[in-house]
Amino acid sequence: MPGTKLLLIDDDKAYCISMARLLEMEGFEVHVEHTAEAGFACATGQQHELVLLDVMLSPGDGRKVLQRIRAVSQVPVIMLTARGDEADRISGLEGGADDYLPKPFHPRELIARIRSVLRRRSAPMPAKVLQIGDLEIHPGSRLVLQSREHEEKQEVELTGAEFDLLLLLVRAAGEVVSRDELAQGALGRSVTAFDRSIDNHISGLRRKLGNKLDGVERIRSVRGNGYVYSNQSRSATE
């Protein structure tokens, strides 16, 4: 992915210098901002293909920056969090982050996460439109429309990871998809027993789509196994 433009938002200037050097050695173009305001302005006002956003900004709060970005843009965001701070990771995923990585991390893992997120965003999707229940899913344009009573169809704003999860679940509607299958398909990596990233992305889908449809739970958790999307009537059209 030579020439891919990344934005790094972190208030540690020495850390940013070394991180930018590492990323540039991998062929990325890196722009750095050190404050919440400058980072937000750059993330939404310039063309970057992925944002690396630190949770702890001084002054500012990376989680609030993410919320502001998500209000106007679906640019992929990887949150960088303090080691072991589960609350920060959950907050980041619920706020719309595509992935997170706790510090300190191995540089190769960061590169792998970046490439995984970018591959998911650039992978060609089949042209067939999926219809299931109140949803109309356009894989090619990564668009989700939802029918609502007495209203025209409304677009549902999903993050990249949320869209990929929804597509995996809908294509297997009525069948259980394991957490590891979901992680590999939507995040490009495996998850440990204590990694709640998939669960938090599922929570985001439930919140945005509605937990129930006609009294039936839309996405049901199967304890110790994974998740299953309600087996409603489904069709596919070109």
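No lab work stands behind these numbers, since they all come straight from the coordinates. On a predicted model such as this, the values are computed, not experimentally measured, just so you know. Here the Cβ is made from the backbone with ideal geometry for all residues, glycine too, and neighbour counts use every protein chain on show.
For the reader, a short list of remarks on this structure follows.
- Once both labels are positioned 7 Å from their Cα atoms along Cα-to-Cβ, the gap between A41 and E175 label points is 5.1 nm.
- Extension gain from D214 to N231, taking 0.36 nm per residue of separation minus the Cα-Cα distance: 4.9 nm
- Projecting label points 7 angstrom from Cα along Cα→Cβ for H150 and S73 puts them 3.9 nm apart.
- Remark: the R206-T192 segment gains 2.8 nm on full extension, using 0.36 nm per residue and subtracting the alpha carbon distance.
- Compactness of segment 5-122, expressed as Rg and Dmax over alpha-carbon positions, Å: 12.7, 34
- Over every Cα atom in the chain, the radius of gyration and the widest Cα-Cα span, Dmax, amount to 18.2, 56 Å.
- Dipole moment magnitude, nearest 20 debye, segment 5-122 about Cα centre, only Lys, Arg, Asp, Glu C-beta charged: 340 debye
- Antiparallel DSSP beta bridges within the chain, percent to nearest 5: 55 percent
- Inter-centroid distance (Cα atoms) of segment 153-196 relative to segment 22-68, Å: 26 Å
- Entry note, the chain: the mean residue ellipticity at 222 nm calculated from DSSP H runs of n ≥ 4, each adding -39500 (n - 2.57), is -12000 deg cm²/dmol after division by the residues and rounding to the nearest 500.
- Extended-chain gain in nm, criterion 0.36 nm per residue less alpha-carbon gap, E86 and D199: 39.4 nm
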